[in-house]
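Bear in mind that the values in this text are calculations on the coordinates, not laboratory data. The structure presented is a predicted model; accordingly, all values stated were derived computationally and were not measured. Note that each Cβ is placed from the backbone with ideal geometry, even for glycine, and that neighbours are counted across all protein chains shown.
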Amino acid sequence: MSATFYSSPTLAAWRHAAGADWTRYTNHAFVQGLGDGTLPQASFHYYLIQDYIFLTHFTRAWALAVVKSESLSEMKLAAASVDALINHEMQLHVDICKKVGISEDQLFQAEESVENLAYTRFVMDAGLSGDFLDLMAALAPCIFGYGEIGLTLANSAIPSTPYQQWIDTYSGDEYQGLCTTLGNMIERAALSRIGPEPMASPRWTNLCKRFHMATKLEINFCTMGLRGHE
C-alpha cells in the first residue's frame, strides 16, 4: 500500500474500503452548513450536547484502549487521548454552550439520542469483543474524519461563519498533529498484529467492516445534528 492517510497506509486502505460513504460523511450537509454558516444555531447546539455525551463514551473507549494495549507506547498515547478528550475537546463544547446558557451539568445530564447510543455502543463493543486494532478501526472514522473535515473547512469556509471556533479546533496544528501521531500508532499496531501485508490477513475484511460501520454511524450522527432536537 503506497497511499497514506495521516501517515498510515492502513488507514488509507480502510478509508478506501468505506467507499462513497466516506464522502457522504465528510461532505455531509451538516458539514457544509458549518462551512457556509447556514446550519441553524439550534441544530448546532443540539449537536454539541449530543457530541458531549458521545465524547464521554469515546473517552471510556480510549481508556479501554489502555487496557488493550500491548506496548508502553500504545498505553502512553491512549492515556494521552483520554486526557485530551476530557480536558480539551470536551471543554470546547462547554465553552460554546456556556455562551448560550447551557451549563456543563445540563450537558452531562442530557438525554442521549438513539443515533448516539448506537454509535458509542458499537465502538465499545468493538473494543470489548476484539483487540486493540479492532478498537482503533471503530474509533478511527471520528478521529481522522474530523481532521479531514477541519482541513477542508479551513480552506473553504466563508469568513463570517459562526462556527469558526469549531473549525479552528479541528484544523489547528494541535489536532492535526494528534491525527498524525495516532496514524503512526495505528500503522505500528497493524504491523505488530497482522504483519507487513495487512490485506493478506484473514482479519482484514472484518477490520474494514468495523471502520465502514463506524463511518455509516458518523453519517447518522451528522444527520441527527442537522435535524436538531425533535
What does the charge add up to near S7, with Lys and Arg as +1, Asp and Glu as -1, over the other residues with Cβ less than 12 Å from its Cβ? 0
Hey, can you rank 108-120, 155-167, 10-22 by average C-beta count inside 10 Å, highest first? 10-22, 108-120, 155-167
Using the Cα centre of the chain as the reference point, and only Cβ charges (+1 on K/R, -1 on D/E), how large is the resulting charge dipole? Debye, rounded to the nearest 20. 500
Would you list which lysines come within 30 Å of K68, measuring only between C-alpha atoms, while excluding same-chain residues fewer than 8 positions from it? K76, K209, K216
Summed residue charge, Cβ within 14 Å of L64's Cβ, Lys/Arg positive, Asp/Glu negative: -2
Rounded if a/c under 1.5, otherwise prolate or oblate - the chain, Cα gyration tensor axes: prolate
If you count, for each residue, the other Cβ atoms within 10 Å and average over each peptide, how do 65-75, 203-213 line up from highest to lowest? 203-213, 65-75
